[in-house]
Amino acid sequence: MKRFLLSILCLLVLSGCSDGGDVVEVTPVNTHYYATKDFRILIPDEWEIIEPNRFTSQTPVNTLIAFRNNVRNENFTANVVIITNALQQTISTTDYSRLLLQKLKTELIGYTELQVENIPITIGAGLENTLFSFIEGREGSNSDVKRFMQSSGVKEKNAYIAIGSFLSDDLEATAQTIEKMIRSFEIK
């Protein structure tokens, strides 16, 4: 019993001797951070990175980067895209995320909210509140039902959006991967 108490006491003393140095960030296995001067996001090692020099002419000009699942589908391949929008006026991250959600409500056919929650997002050296949105709908009357997850943040006069999309019948693992990616999104 004395030996046990002595061991516990030693552990407590040793744990109190930390110098409070740098926190070591641990990334999940088979993932890495993709970072630019503007943002950072955790991506699976096996996902394809599509940089602007490989975009097709159909890619909107405000797209910064795209990540695509390595599991191809003849109809649609799961992906995550980072886009930016220049803002004419100052708006909070929370208000901007609400506007994005409203826009999706009007643009998607059969819009269904699966989950909407307030989450923190790193912007610069601080944290702000934003919405994590998980919704379902069709982009057109002949489109497949897709699910979308998104998070956004505003820094100065620029808004950044991370949006993931996948078919509603994709594997649960795909949904979990995209959710981890969207929740990891940070603005520098």
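Sort out which residues of segment 133-148 are over 15 Å from GLN102 (Cα atoms) and touching a residue at least 40 places away in the same chain (Cβ under 8 Å), and write them in order of number.
Once the filter is applied, which keeps residues that are over 15 Å from GLN102 (Cα atoms) and touching a residue at least 40 places away in the same chain (Cβ under 8 Å), segment 133-148 yields ASP144, LYS146.
Only residues that are surrounded by fewer than 17 Cβ atoms within 10 Å (Cβ to Cβ) and in contact (Cβ under 8 Å) with a residue 12 or more places away in the chain: list them for segment 120-132, please. Spell out the reasoning first.
In the first step, residues of segment 120-132 are kept if they are surrounded by fewer than 17 Cβ atoms within 10 Å (Cβ to Cβ); the result is 120, 122, 124-127, 129.
Listed by number, the residues that qualify are THR122, GLY124, ASN129.
If ALA78 satisfies all but one of (1) touching a residue at least 60 places away in the same chain (Cβ under 8 Å); (2) more than 15 Å from MET149 (Cβ to Cβ), what's the number of the condition it fails?
Condition not satisfied by ALA78: (2).
For segment 119-139, does any single residue satisfy the condition of being part of a loop (DSSP other than H, G, I, E, B) and of a type in the set (Val, Ile, Thr)?
no
Please work out which residue is surrounded by the most Cβ atoms within 10 Å (Cβ to Cβ), limiting yourself to segment 70-87 and to residues that are at pLDDT 95 or above and assigned to a loop (DSSP other than H, G, I, E, B).
Narrowing segment 70-87 to residues at pLDDT 95 or above: 78-87.
Going one step further and asking which of them are assigned to a loop (DSSP other than H, G, I, E, B), we end up with 78, 87.
On the way: ALA78: 24, LEU87: 14.
So, considering only residues that are at pLDDT 95 or above and assigned to a loop (DSSP other than H, G, I, E, B), the one surrounded by the most Cβ atoms within 10 Å (Cβ to Cβ) is ALA78.
Which one of these does PHE67 not meet: (1) free of Cβ contacts under 8 Å to residues at least 60 places away in the same chain; (2) closer than 22 Å to ALA175 by Cα?
Failed condition: (1).
Going through THR56, THR90, THR84 one at a time, which residue ends up being closer than 24 Å to LYS180 by Cβ and among the hydroxyl-bearing types (Ser, Thr, Tyr)? Give the steps one after another, and end with the answer.
Details: THR56 fails: closer than 24 Å to LYS180 by Cβ; THR90 fails: closer than 24 Å to LYS180 by Cβ.
Testing whether each residue is closer than 24 Å to LYS180 by Cβ and among the hydroxyl-bearing types (Ser, Thr, Tyr) leaves just THR84.
The values are calculated or read from the model by the stated rules, or taken from the named source; none is laboratory data. If you're wondering where the values come from, they're calculated on a predicted model, not measured in any experiment. Glycine gets a Cβ as well: all are built from the backbone with ideal geometry, and neighbour counts include every protein chain shown.
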